[in-house]
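Here is the structure we will look at, set down as structure tokens.
The values are calculated or read from the model by the stated rules, or taken from the named source; none is laboratory data. These numbers come from a predicted model, not from an experiment. As a convention, Cβ positions derive from the backbone with ideal geometry for all residues, glycine included, and neighbour counts pool all protein chains shown. The accessibility values were calculated without ligands, DNA or RNA, using every heavy atom of the protein model including side chains. Shrake-Rupley method; radii C 1.70, N 1.55, O 1.52, S 1.80 Å.
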Amino acid sequence: MNSSDKHGPATANILVIDDEKKLAGLIARILELEGFKVYQAHTGKDGLKVLKAEDIHVVISDVKLPDVNGVDLVAHIKELKPYVEVISLTAYGTIGDGVKAIKNGGFDYLTKGDDNDKIIPLVFKAADKAQLQMRVLNLQKRLNERFGFSGILGNSKAIQDVVNMAKKVAVTDTTVLLLGETGTGKEVFAGAIHEESTRRTKPFVAVNCSSFPHDLLESELFGYKAGAFTGAVKDKRGLFEEANGGTIFLDELGEMSLDLQAKLLRVLESQTFIKVGDTQTTKVNVRIIAATNRNLQNEADEGRFRMDLFYRLSVFTLNLPSLNERKGDIEILATHYLKEFSQKMGKHVNGMSSELMSALVNHRWKGNIRELKNTIERMLILADDNEFIDVSLLPVEFRHSNVSDTSFDLETIERLHILKVLNYTQGNKTEAARLLNIGLTTLYRKLEHFKLG
């Protein structure tokens, strides 16, 4: 039984950097017998070229190379590919260099002349660690694609300007106020800011302030002590404590009562608060991102929102554009959601008709991205496998909104009525023909005439 049987399958790639070609070849041969794929280089410069070109997991490098200090090379390797583990080769008189290499991020060191069997378990350990780190990085990448800025779709200037501003504030600890209509993606932006911050490994807690009555909201945010009120049989941690070290996102902040606003102001100023029923101060370390679709300046001017809290929250404000301000992004978004829901539902559709896409682009989106997403999901539910999705699957209300109220053209009215009936029958053309009191072939002819699929 070889070492790969003992330690698991050897699927890692190893790079050996040593100007002693015989020694490099010997190490490579030993590792190849264990199932590793081994690359060789005889200078630091050539080693870095291989590292950039290949998917290397472990580097075994001499600390004495002709063109570069092997100790410094460790730092260059870790900077280039942080997940790669480096094992340094030292002579008996240069063990100190091996220790320095470890301080630079190296995995371990080997002394030349030692039993070559020592290298095998050491390389397996280094490879296991490197591959685990790669999986973590890939997971982080997927999380970032889903929750980070790369998950915010759209190429329009309106959305890209906001994304660029959000990226700049993300790396700071500054409080952020997100403004915009309902459905513009405020929670998505809040999550992306957290994901791109130094707090990304800590909790991200989102709470909709309009979802709770005043008394309950205070308890949810700040927690309470046992006996604070009827039913409080034990201490409860609030969401601010749950978010400690990370970020709390307060959506619909404009719904918060004035006295609760005062408590929030204290958190912003001192990162402390007092739980309901408590006399002791609780301290947290939390970044606050707030959002509202209200005009807080007007709310403050009219006495419904604390002016001092408004100033503290609006240190950095991001105005998210409505979907109607970024019409050029609708096709990208619609295509993305069609693919997303197709996979979730296990359906295969052939795409969307140009007429449908035109209708989506020209629609007045009161609910913004959320409305578009819901519309795509609904149409996909009604669609059959391998069907080409067209305007016949749009909600009646949607189609009404896209027809001029002053249109008296008979063909327009007939087309709209056919669409209405098709929507009622959920796309069943036989049933639609029956309700319209026309033959099925006549319906198909009209569908072709009106270019309805």
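Across the range 51-64, computed HN-Hα scalar couplings (Karplus, 6.51 cos²θ - 1.76 cosθ + 1.60, θ = phi - 60°) run 4, 6, 8, 10, 8, 8, 9, 10, 10, 10, 10, 5, 7, 10 Hz from first to last residue, x flagging Gly and Pro. In this simple spin-label model, placing a label point 7 Å from the Cα along the Cα-to-Cβ direction at both residue 327 and residue 132 gives a separation of 5.5 nm. Residue ranges 367-379, 440-452, 179-191 sort as 179-191, 367-379, 440-452 when ordered by packing (mean number of other C-beta atoms within 10 Å per residue, highest first).
Tell me the label-point distance for the pair residue 396, residue 54, using the 7 Å Cα-to-Cβ offset, in nm and rounded to one decimal. It is 6.8 nm. In terms of its Cα atoms, the range 218-376 spans 64, 41, 28 Å along the principal axes, sorted from long to short.
Along the Cα-to-Cβ line of residue 173, 7 Å from the Cα, sits a label point; which residues in the range 190-216 have backbone N less than 12 Å from it? Label zone hits: 198-199.
Summarise the accessible area of the chain (1.4 Å probe, protein heavy atoms) by the percent that is carbon and sulfur. Write out the running numbers ahead of the final one.
Numbers: 11800 of 23200 Å².
Here carbon and sulfur together make up 51 percent of the probe-accessible area.
Only beta bridges with both residues in the chain are counted; by DSSP, about 15 percent of them are antiparallel. Between residue 388 and residue 448, the modelled label-to-label distance comes to 1.3 nm, taking each label 7 Å out from Cα in the direction of the beta carbon.
Applying 1/(1 + (r/R0)^6) with r as the Cβ-Cβ distance of residue 420 and residue 339 and R0 = 41 angstrom yields a FRET efficiency of 0.90.
Between residue 125 and residue 362, full extension at 0.36 nm per residue minus the direct alpha carbon distance yields a gain of 79.4 nm. Our summary gives the chain a relative contact order of 11 percent, counting only alpha carbon pairs under 8 angstrom and 6 or more residues apart.
Heavy-atom accessible surface of the range 298-437, averaged per residue, reaches 55 Å², computed with a 1.4 Å probe. Calculated [222 nm] ellipticity per residue, helices only, for the chain: -14500 deg cm²/dmol; basis is -39500 (n - 2.57) per DSSP H run with n ≥ 4, divided by all residues, nearest 500. Mean separation of Cα pairs under 8 Å and 6 or more residues apart, divided by the residue count, gives the range 40-81 a relative contact order of 43 percent. In terms of overall dimensions, the C-alpha atoms belonging to the chain reach 94, 71, 43 Å along their principal axes, ordered largest to smallest.
Taking a point 7 Å from the Cα of residue 29 along the Cα-to-Cβ direction, none of the residues of the range 45-70 has its backbone N closer than 12 Å to it.
Between the beta carbons of residue 212 and residue 298, assuming R0 = 25 Å, the FRET efficiency works out to 0.55 to the nearest 0.05.
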